[in-house]
1. Considering amide H positions built from the backbone, and no H for Pro or chain starts, which residues 5 or more places from A215, or on another chain, come under 5 Å of its amide H?
2. Residue separation times 0.36 nm, minus the C-alpha to C-alpha distance between N163 and R194: what's the value?
3. Longer than 23 Å from Cα to Cα, which of K326/K376; K147/K259; K144/K326; K214/K300; K178/K259; K162/K259 are they? Say none if no pair is.
4. Run the simple label-point estimate for E186 and N322 please: 7 Å along Cα→C-beta, distance reported in nm.
5. With +1 on each Lys and Arg Cβ and -1 on each Asp and Glu Cβ, and nothing else charged, work out how big the dipole of segment 143-385 is about its Cα centre, in Debye to the nearest 20.
6. Taking 0.36 nm per intervening residue step and subtracting the Cα-Cα distance, what contour gain separates D301 from D151 on full extension?
7. Ordered by residue, what ³J(HN,Hα) values in Hz, to whole numbers, does segment 338-345 give under the Karplus form 6.51 cos²θ - 1.76 cosθ + 1.60, where θ = phi - 60° and Gly and Pro are x?
8. Say each of Q311 and S207 gets a label point 7 Å from the Cα, pointing the same way as Cα to Cβ; how far apart are those two points in nm?
Amino acid sequence: MADTSQPFTGHVKLIDNDFLAIDDLFSKTSGLCVTGSSGEWECNYRENHSPQDKEDYPNLLLCTSWTYWVSLEYGPCPETIDAGDSTGGGTSIGDGDTGGGGTGSGGASTVPTKPCDGGTNNIEGKNNIEDDNGDCLEDLGKRKECKKITDFINASENQAFKNKLTELSGQPNLNLDKEKSVSSFENETALDERIGTADNPSVAIQSNPTNKYKAFVHTHPNIGDGTLSVFSPTDLTEIARIINNGKITNGFVAFLTTKKGTQYALTINNPTKFVDLFYSQLFDNVSDVMGDPVQALQNKDRFYASQEAYQPLFKEYFDPKNPNVKIKNTDTEPEDVLKEFLNFMDEADAGFTLFDASSTQFGESSFTSFRKIRLKNGEIERDYTCN
């Protein structure tokens, strides 16, 4: 696209999703409609910013061609469609959004039981539509991430893993002085169970297993002077490592249970963004990314871009050497820590979604309900349950 002042002309890539395969795009028998869409710019230098952002992103000057990638979401067709809504009654979605809907703040979250009932429970004031099962179709991006969790949890083949979620959330495991983990892999029935050691209490998961991860759970137990009540930067880096190795399924979920009574689930809505943030942490130094002569320059730039983005975030939120660090393992108020973690997510814009997984601090049985979490007007907001 040579002249960026003119309307877009170019190629559009359609991406398969959980609702309808591309082969069925024009099928009249599928009974599905386009209910949402998202898009982002990408140039041949792999910069995911629009051509107008050249002043803020100097690497864009190296781009010689542009593509605008469009993803379409499909769902059941509503009986009637608002003529003013070109998406067919749904809402537009975007990558890296920690947003959602619902009402409430902090621990006293209000959870609507029927989010399409009209009035105050309508997400962001949209005219929401229920499908034939009574499910609300107000935000397909959010629903897709929910679906990753519920599809995994509800599959009978994953019952053994579900039992482990409950087991690891019990006090006998959370009172240990070392971490435990359980992993589930594609095309494998056996679970991979691991535990830290006295010398190294942090558990080490496989970074390049034979088959892809469907899910894993690990604990933050009673170690030393305390434990983090949220995912640690090391946790996130290791997830980035297995993504970079091509070892997660599209429906991958990471679960966490902690001594401080918090349980979370994490999904990846944009793997490229996620790896981009942590890329520099996957290698000892920049020379480690220069082996492939074809990709050397691109990998080098990605390494330094990651370093520039990650280091200030780490210092602000996680660095124990920073006296004003915002997230510490000695913190005693999990909701305060969660708020700072959500601030970190907003700043990082790293393409992942966080869910409250029935935190025991609210008197719920662990991993029985999942609510997407975001900040709204600076306060924690938990959406209605996914399941």
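Nothing in this text is a laboratory measurement; each read-out follows from the coordinates by a stated rule. The model shown is predicted, which means the values in this text are computed figures rather than measured ones. All Cβ positions, even for glycine, are placed from backbone atoms using ideal geometry, and neighbour counts span all protein chains on display.
1. So A215 has HN proximity to S184, V253.
2. 9.6 nm
3. Going by Cα-Cα distance, K147/K259; K144/K326; K214/K300 fall outside the 23 Å limit.
4. It works out to 3.6 nm between the two label points.
5. Its charge dipole is roughly 500 debye.
6. Values: separation 150, 0.36 × 150 = 54.00 nm, distance 3.74 nm.
Additional length available on full extension: 50.3 nm.
7. Going residue by residue, I get 4, 4, 5, 5, 5, 4, 4, 4 Hz, with x marking Gly and Pro.
8. Label at Q311, label at S207, 2.1 nm between them.
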